[in-house]
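Below you'll find the structure, written out as C-alpha cells, and then a few comments.
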Amino acid sequence: MSEKYFSKNKNGDFYLPGQEIKIGKSISFCSNEAAKDPLTSCKNRLCFAIFCFCAVYMVICLRLFDVCLNGNYISRSREYVAASTTGSPIKRADIVDRNGTILATSLPTVNLYANPKKVFAPKKAARELHKILPELSEESLYDKLTHKGKFVYLKRNLTPSQQYQINALGIPGLDFENGEKRVYPHQNLFAQVLGSTDIDNNGVSGIERELNERLVQSDIPLQLTVDAGIQDTIREFLIEGCKKYSALGATAILMDVQTSEIIAMVSVPDYDPNNIKVESERALFNMATKGVYEPGSVLKVFNTAMSLESGKVKVNEKFDATQPLKLKYNVIKDYRGENRWLSVPEILVYSSNIGSARMALKAGGTEQRNFLEKIGFFHELNVEVAERGTPLVPKRWGDGTIATVAFGYGIAVSPLHVITGFSAVVNGGIYHNPTLVKTDKKEEGHRVISYNTSKAMRKLLRLVVTDGSGKRANIAGYEIAGKTGTANKLSDNGKYVDKKVRTTFVSTFPASDPKYAFLMMMDEPKATKETWGFVTAGWNTVPTAGKILTAIAPQLNLKANYDLDELRRARIIEASYSK
C-alpha cells in the first residue's frame with residue numbers, strides 16, 4: 001500500500017497530492033532546469049565582472065606604484081620623442097670644404113601640425129600652445145586651429161623640449177611630422193657662396209640653389225674648392241679694412257692660377273644663413289660674382305697683354321704721353337701724369353691712360369675685342385652659384401670705345417671675370433673656367449696668349465709693386481706682382497663723381513712661378529689722415545691686401561724666399577726693358 005503512495009507514477013511526472021518527492025544532491029546542481037534559471041545566470045555574470053574589474057584595478061595600482069618609484073613614464077616619453085626625431089632620413093647632402101670641414105649640413109627635426117576638425121577646444125589649446133611657443137601669438141594659433149581645412153602647420157623645427165611639452169598637453173588633433181633643418185656651422189663665413197634654403201629645405205640662393213638637384217639626389221657630401229681657414233682670415237681683414245676706410249662694402253677672391261679653383265671668395269657686408277635677418281639688402285648681394293663694374297686701371301693688364309700678343313707693340317716701344325689724347329667725342333688725360341714719352345713698362349707702372357689708349361689704337365679694335373672675348377669678358381661665367389652677373393659690353397667698337405676700354409671704362413664685368421682673366425695672363429697663357437666644386441677631372445682650358453707674353457707680363461706686373469702704385473703690397477719674400485685700379489662711380493644723372501670710387505688690386509704670387517691670384521675691391525672708401533686725403537687704390541685697397549697676403553701665404557704653405565737681393569731685383573727690372 002505504501003508503495004502505491006510513495007512510488008513514481010508510471011504515466012510521467014505526475015504525483016498525487018501529499019506524495020514525497022526526493023531529490024538527490026548529485027542531480028540538484030546538474031539539472032537543466034537549474035542551469036537555465038535567469039537569476040543564477042545573472043549572479044554568475046556579476047561575479048565574473050567583479051573579478052575582471054578587480055584585476056584591472058590591481059594592474060593600474062601596480063603601474064602607478066611603478067611610475068611613482070621609478071619615473072618610467074617620463075623616460076618612455078623622452079624615448080618616444082627621440083624615436084620620432086631620429087627615424088627621419090636626411091634628404092639633403094652635406095657641403096664640405098677642400099679639407100673636409102663641414103660648411104652646411106642637415107639635422108633631423110619635427111614640425112607641429114594640426115587637424116582643426118579634431119581640436120575640440122581651440123581657444124584653450126591656443127592658450128596652452130602660446131605658453132610653450134611664445135613667439136607665436138595666441139590669436140594666430142587660434143586662427144589656425146579654427147581653420148576650415150584638415151591640415152595646417154603650427155610651427156616648424158621644434159626643439160625636443162618643445163615637442164615633449166606639447167605632447168604632454170594631450171590635445172586631440174595635434175601631431176608631429178618628421179623633417180630636417182639646414183644648418184651652417186660657420187654662420188656668416190660662407191654666406192654668399194653657400195646661399196641658403198627655404199622653409200621646405202629647397203635651395204634659394206648660392207650653391208644651395210645652383211646645385212639643388214645634386215644635393216637632394218645624392219647623400220654623398222659635396223666637396224668645394226674653398227678653404228675655411230683662409231676664408232676666415234680674408235674676411236677678418238676685409239671687415240677691418242671696410243671699417244678703417246668707411247667703405248660701403250668690399251670683396252676678395254683667392255684663386256689657383258693653374259686650375260682657376262676658387263680658394264676663397266668673400267663679400268661684405270654679409271649675413272647669417274641660419275637666421276636671415278639683414279639690416280640692408282646689400283648684405284644679400286654677392287659683389288664677387290653678381291655685381292658688374294667698370295674695373296678701372298686693372299684692365300690695363302689685359303690691354304698690355306693684348307698689345308704685346310698682337311705683335312704690333314714691343315716692350316721697349318715708347319708712346320707719346322706729353323699731352324692729352326684728343327678724340328672725336330672725348331679727351332683722355334692722365335691722373336698725375338708724367339707728361340713725357342713713356343715705354344710699355346712705364347705705361348703700366350705709372351698707369352698712364354694716354355699711353356694705354358695709344359697702345360690699344362695701334363693694336364686695333366679687332367684685336368682688342370677678340371682678346372676680351374677669349375678671356376670671358378663678353379658672357380656670363382659658368383660658376384656654381386646662382387648669382388652671376390652678365391657683362392655690359394659696348395654695341396659699337398669705334399676709336400672712342402677702343403681708347404676708353406684700354407684704361408678700364410666703357411665695359412663692366414664682375415670681379416670674378418677680372419681675376420679669372422688675370423690668372424690666364426700670368427699662368428702661361430691658358431684660360432680655365434672658374435669653379436667652386438672640387439673634382440678629379442682637370443679642365444684643359446684654351447690658350448689666350450703665348451707663354452713668352454705671359455712671362456713678360458709677370459715681370460711688368462712685378463715692377464708695378466716694386467716701383468709703382470702697388471708698393472704697399474710688396475711683401476718681403478713672396479714676390480707679389482699686380483696692378484691697381486681706381487674707377488669713378490656714376491651718379492644718378494649719369495656723370496662720374498670724383499670722390500666716389502671703386503678701388504681694386506689684382507695680384508699674383510710668387511711672380512717668378514705664379515701659384516695663386518688675389519683680387520680685392522672696395523666700394524667707396526673714404527679719405528683719412530693716413531691717406532693724406534687720397535681715395536685711390538694705392539692708399540686703401542693695396543695696404544689692406546698686403547696684410548691679407550702676409551697672413552694667408554703661410555696658410556698656403558708658401559715658403560718665403562728672402563734671397564731676393566737688390567742685384568736680382570735690378571736684373572728683373574733690366575730684363576723687363578729688354579726686347
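The angle between the Cα long axis of helix 228-244 and the longest principal axis of the Cα atoms of the chain comes to about 60 degrees, rounded to the nearest 10.
State the antiparallel share, in %, of DSSP beta bridges confined to the chain, rounding to the nearest 5.
Details: 59 of 62 bridges.
That works out to approximately 95 percent antiparallel.
Surface composition of the chain: carbon plus sulfur atoms contribute 54% of the solvent-accessible area (1.4 Å probe, protein chains only, all chains present). Between Glu444 and Glu317, what is the label-point separation in nm under the 7 Å Cα-to-beta-carbon projection? Placing both labels 7 Å along Cα→Cβ, they lie 3.3 nm apart.
Relative to the Cα centre, the charge distribution of the range 187-291, modelled as +1 at Lys and Arg Cβ and -1 at Asp and Glu Cβ, gives a dipole magnitude of about 400 debye.
Each residue of the range 208-213 was assigned a 3J(HN,Hα) from its phi angle through the Karplus curve 6.51 cos²θ - 1.76 cosθ + 1.60 (θ = phi - 60°); the sequence is 4, 7, 5, 10, 4, 4 Hz, with glycine and proline shown as x. With R₀ fixed at 41 Å, the C-beta to C-beta distance from Lys529 to Leu327 puts the FRET efficiency at about 0.60. Between Lys243 and Lys559, residue separation times 0.36 nm minus the direct Cα-Cα distance comes to 110.7 nm. Neighbours of Val535 by Cβ distance under 14 Å: Lys/Arg scored +1, Asp/Glu scored -1, total +4. The calculated FRET efficiency for Tyr335 paired with Arg156, based on their beta-carbon distance and R0 = 56 Å, is about 0.50. Measuring between alpha carbons in the structure, the pairs from Lys333/Lys559; Lys374/Lys529; Lys328/Lys499 lying more than 32 angstrom apart are Lys333/Lys559; Lys374/Lys529. What FRET efficiency, computed as 1/(1 + (r/R0)^6) with R0 = 35 Å and r the Cβ-Cβ distance, is obtained for Leu169 and Asn44, rounded to the nearest 0.05? The calculated FRET efficiency here is 0.20.
Loop only by DSSP, 12 or fewer other Cβ within 10 Å of the Cβ. Give me the GluC sites (Glu not before Pro) in the range 220-316 that pass, ordered by residue number. Don't skip to the answer; put the middle values down first.
Working: sites: Glu236, Glu240, Glu261, Glu279, Glu281, Glu309; in loops: Glu279.
Here the sparse-neighbourhood loop sites are Glu279.
Between Thr366 and Asn488, the modelled labels are 3.4 nm apart [label points 7 Å from Cα along Cα→Cβ]. Computed from label points 7 Å out along Cα-Cβ, the spacing between Asn274 and Gln258 is 3.8 nm.
Does the range 259-383 come out rounded, prolate or oblate by the C-alpha gyration tensor, with a ≥ b ≥ c the root eigenvalues, rounded set by a/c under 1.5 and, if not, prolate when a/b is larger than b/c and oblate if not? Walk me through the intermediate numbers first.
On the way: a/c = 2.73, a/b = 2.01, b/c = 1.36.
Note, shape of the range 259-383 comes out prolate.
Only the Cβ atoms of Lys and Arg (+1) and of Asp and Glu (-1) were treated as charged; on that basis the dipole of the chain about its Cα centre amounts to roughly 620 debye. Principal semi-axes of the equivalent ellipsoid, √(5λ) from the alpha carbon gyration tensor of the chain, are 87, 23, 21 Å from largest down. For Arg447, the shell of other residues with beta-carbons less than 15 Å away shows a net charge of -2, using +1 for Lys and Arg and -1 for Asp and Glu. The peptide list 549-558, 352-361, put in order of mean Cβ contacts within 10 Å with the highest first, becomes 352-361, 549-558.
Once a ≥ b ≥ c are taken as the square roots of the eigenvalues of the Cα gyration tensor of the range 357-434, is the result rounded (a/c under 1.5), prolate (a/b larger than b/c) or oblate (a/b not larger than b/c)? Oblate, because a/c is 1.5 or more while a/b does not exceed b/c.
The values are calculated or read from the model by the stated rules, or taken from the named source; none is laboratory data. The structure presented is a predicted model; accordingly, all values stated were derived computationally and were not measured. Counting neighbours? That spans all protein chains shown, and the Cβs are built from the backbone with ideal geometry, glycine included. Just so you know, the surface numbers come from the protein's heavy atoms only, side chains and all, with ligands and any DNA or RNA stripped out. Shrake-Rupley method; radii C 1.70, N 1.55, O 1.52, S 1.80 Å.
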